[in-house]
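What follows is one structure encoded as structure tokens, with my remarks underneath.
The values are calculated or read from the model by the stated rules, or taken from the named source; none is laboratory data. Being a predicted model, the structure only gives us computed values, none of them experimental. FYI the Cβ positions are ideal-geometry reconstructions off the backbone, even for glycines, and counts take in every protein chain you see.
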Amino acid sequence: MPLIPLDDLDDPRLISYRHLKATNETRYLPRFVVEGEKLVDQLRESRYPMESALLSDRHADRIGPKIPEKVPAFVVDHQKISTLVGFNFHQGAMAVGVRLPQIDPASIVNPSATSLNLVVCPVVQNPENLGTIVRTADVFGVDAVLVGPTCPDPLSRRVLRVSMGTALALPVIVLDDLADRLVDWQRTFGLQLAATVTDPDAEPLSSFARPDRLAMVMGSEAHGLAPEWIARCDRRVTIPMRAGAESLNVAVAAGIVLYQLSRPGG
């Protein structure tokens, strides 16, 4: 489809791109928005259909040919795009994706999987933290990230931006019954749950031997893991810190844990 120049910001075809800063919550919407050329490329290669693209007139000639043939690509004056989206935008391109049913966790957690590596985030609240955890999990070969129902929408613009689009490829599965599912998988699948804690009496990360089927459970930004979550876990693991040090940011902690587990013998 040829590029479609638009001058009127009230054109109804641009509705999905309006005031994005004020409408970042996309959890209950059938569509989501990605920003930046790299994420537009990743959306094109993902399982999610691309509904439309929005291109700055400064970059349309370069990016336009990469937009799928049947997807309308709207070209808007570079200065006007910031007015349209509600923030200072310099990324050159955006696109709207169509939300699909999330991946069935049974396709990942099943008896045929001899090895399994999961990250579990029951109550992470910050989209940037979730995006960083997803990006890090992808780097270190995690099979899926499981999150509780109050966590940020994995397809929100901020999570997608910080994850550099890896949330479009790595399964990030929201489960209302997360705790019950994990307990069931412990019993029927032999999944081991490891709680990440700050307790110095817990097992040091450096000596933690990873089982074949493992879920690392990460705490919230403010309070860490709730006692009931720690009680559900088979093991408690800690990153040793100097006495009196503040706890690590959850995304930083996840990076350290996943790096250590990716090492030979980890």
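More than 30 Å from ASP180 (Cα to Cα), touching a residue at least 24 places away in the same chain (Cβ under 8 Å) and either part of a helix (DSSP H, G or I) or of a type in the set (D, E, K, R) (or both): is that true of GLY64 in this structure?
yes
If PRO72 satisfies all but one of (1) in the same structural domain as TRP229 (by TED's automatic domain parsing); (2) over 25 Å from the mean Cα position of the chain (by Cα); (3) of a type outside the set (Phe, Trp, Tyr), what's the number of the condition it fails?
Checking PRO72 against (1) in the same structural domain as TRP229 (by TED's automatic domain parsing); (2) over 25 Å from the mean Cα position of the chain (by Cα); (3) of a type outside the set (Phe, Trp, Tyr), the one that fails is (1).
With respect to ILE103, determine if the residue is within 19 Å of the chain's Cα centre (by Cα), farther than 23 Å from LEU248 by Cα and not in a loop (DSSP other than H, G, I, E, B). Walk me through it before giving the result.
Values: within 19 Å of the chain's Cα centre (by Cα): yes; farther than 23 Å from LEU248 by Cα: yes; not in a loop (DSSP other than H, G, I, E, B): no.
When the stated conditions are applied, ILE103 does not pass them.
Would you check if there is a residue in the range 151-159 being free of Cβ contacts under 8 Å to residues at least 40 places away in the same chain and among the acidic types (Asp, Glu)?
There is no residue in the range 151-159 that is free of Cβ contacts under 8 Å to residues at least 40 places away in the same chain and among the acidic types (Asp, Glu).
For SER107, state whether it is within 30 Å of LEU193 (Cβ to Cβ) and of a type in the set (Gly, Ala, Ser). Before the answer, list the steps.
Values: within 30 Å of LEU193 (Cβ to Cβ): yes; of a type in the set (Gly, Ala, Ser): yes.
Yes.
Taking interchain pairs and intrachain pairs at least six residues apart, which have beta carbon atoms under 9 angstrom, with the first residue in the range 69-88 and more than 14 Å from ILE4 (Cα to Cα) and the second among the hydroxyl-bearing types (Ser, Thr, Tyr) and part of a helix (DSSP H, G or I)?
ILE81/TYR17; LEU84/TYR17; VAL85/TYR17; ASN88/SER82
For the range 121-131, indicate whether the set of residues that are out of contact with any Cys (no Cβ under 9 Å at 6 or more places or on another chain), farther than 16 Å from PHE32 by Cβ and in contact (Cβ under 8 Å) with a residue 60 or more places away in the chain is non-empty.
yes
Please go through the range 27-61 and give me each residue that is part of a strand (DSSP E or B) and either touching a strand residue (DSSP E or B) at 6+ places or on another chain (Cβ under 6 Å) or of a type in the set (A, V, I, L, M, F, W, C) (or both), ordered by number. Step through it out loud before you land on a result.
Of all residues in the range 27-61, those part of a strand (DSSP E or B) come to 31-35, 50-56.
Once the filter is applied, which keeps residues that are part of a strand (DSSP E or B) and either touching a strand residue (DSSP E or B) at 6+ places or on another chain (Cβ under 6 Å) or of a type in the set (A, V, I, L, M, F, W, C) (or both), the range 27-61 yields ARG31, PHE32, VAL33, VAL34, GLU35, MET50, GLU51, SER52, ALA53, LEU54, LEU55.
Filtering the range 83-106 down to residues that are among the polar types (S, T, N, Q) and surrounded by 12 or more Cβ atoms within 10 Å (Cβ to Cβ), which residue is farthest from LEU214 (Cα to Cα)? Spell out how you get there, then give the answer.
Filtering the range 83-106 down to residues among the polar types (S, T, N, Q) leaves 83, 88, 91, 102.
Next cut, surrounded by 12 or more Cβ atoms within 10 Å (Cβ to Cβ) only: 83, 91, 102.
Numbers: THR83: 47, GLN91: 38, GLN102: 22 Å.
Looking at the filtered set, the residue picked out is THR83.
Here's a check for you: in the range 239-253, which residue that is surrounded by 10 or more Cβ atoms within 10 Å (Cβ to Cβ) and of a type in the set (Gly, Ala, Ser) is modelled with the lowest pLDDT?
Among them, the one singled out is SER247.
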